[in-house]
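Asker: Let me begin by handing over the structure; questions about it come next.
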Amino acid sequence: SQTIHQWPATLVQPVGSPLSLECTVEGTSNPNLYWYRQAAGRGLQLLFYSVGIGQISSEVPQNLSASRPQDRQFILSSKKLLLSDSGFYLCAWSVNSGYNEQFFGPGTRLTVL
Amino acid sequence: GESVGLHLPTLSVQEGDNSIINCAYSNSASDYFIWYKQESGKGPQFIIDIRSNMDKRQGQRVTVLLNKTVKHLSLQIAATQPGDSAVYFCAENTNSGYALNFGKGTSLLVTP
């Protein structure tokens, strides 16, 4: 069966510090991968998605970037965090064909102080 | 822009009653819809999906209804249980076919 992992689970970082969140998927190959951000009490905002290694699409301009160095690894980064980057970051995967449900990881709670 | 939204931000039901959560969408080109359940501090969990060539789909204790004429989607939960308390999101595919556009969510509270 497929599983998706995210780490760390929680993170507190000062403003201006760098960020690296990691997501890995097991049990499938060539998945679509996604990064979402969820503000408190809000819905999910798509940040990035990837349909293959090295292929990144950005949905909104922001202080963040994403990379996919391996087929089942998706990384969310920032060189300098802003207060507004605080939130709940969710990674998801889906089968890379047609319309398919997305399966979410456990999330990372990021607080920027 | 076109978006997905929910009629009610909160819904309180008694244990054992049926729950209905509604969702309106505005993108007439949307043809795939999903309902997710999110418990506090966790990632969303897939509940059920439906494609636009259907108007009803049933799962275990859940039913999704799609009315394309009025661009309305609903999730019905039968015999609601305390474990059903969570935030429920509807989502629809974007024109790119890759990403999902999520609504803001409805909080379901099941009281004993």
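The values are calculated or read from the model by the stated rules, or taken from the named source; none is laboratory data. From a predicted model like this one, the values you see are computed outputs, not experimental measurements. Neighbour counts are summed over all protein chains in view; Cβ atoms, including those assigned to glycine, are modelled from backbone coordinates with ideal geometry. Each accessible area value is taken on the protein alone, full model and side chains, heavy atoms only, with ligands, DNA and RNA left out. Shrake-Rupley method; radii C 1.70, N 1.55, O 1.52, S 1.80 Å.
Asker: Using only protein heavy atoms and a 1.4 Å probe, report how much of residue A:42 is accessible, in Å² to the nearest 10.
Answerer: Accessible area of residue A:42: about 150 Å².
Asker: So, one more: For the full complex of protein chains and a 1.4 angstrom probe, list B:42, B:37 by accessible area with the highest value first.
Answerer: Output order, biggest surface exposure first: B:42, B:37.
Asker: Calculate the FRET efficiency for residue A:29 and residue B:51 from the Cβ-Cβ distance with a Förster distance of 30 Å, rounded to the nearest 0.05. Before the final figure, lay out each step's value.
Answerer: Numbers: r = 25 Å, r/R0 = 0.83.
So the FRET efficiency works out to roughly 0.75.
Asker: With every protein chain in place, what's the accessible area of residue A:53 (1.4 Å probe, Å², nearest 10)?
Answerer: Approximately 100 Å² for this residue.
Asker: Treating only the Cα positions of region B:4-111 as identical point scatterers, give the base-10 log of I(q)/I(0) from the Debye formula at each q in 0.11, 0.24 Å⁻¹.
Answerer: -0.30, -1.40
Asker: Let me ask you something else. What accessible area, in Å² to the nearest ten, does a 1.4 Å probe give for residue B:12?
Answerer: Roughly 80 Å² of residue B:12 is accessible to a 1.4 Å probe.
Asker: To two decimal places, what compactness ratio does the protein assembly as shown give when its Cα radius of gyration is scaled by 2.2 N^0.38 Å?
Answerer: Scaled against compact globular proteins, the figure is 1.02.
Asker: Please report the antiparallel percentage of the DSSP beta bridges confined to region A:3-112, to the nearest 5.
Answerer: Counting DSSP beta bridges with both partners in region A:3-112, the antiparallel share is about 90 percent.
Asker: What FRET efficiency would be calculated for the residue pair residue A:83, residue A:20, taking the C-beta separation as r and a Förster radius of 25 Å, to the nearest 0.05?
Answerer: 0.85
Asker: Okay, moving on. Calculate the spin-label point distance for residue B:70 paired with residue A:95, positioning each point 7 Å from the Cα along the beta-carbon direction, and give it in nanometres.
Answerer: 3.4
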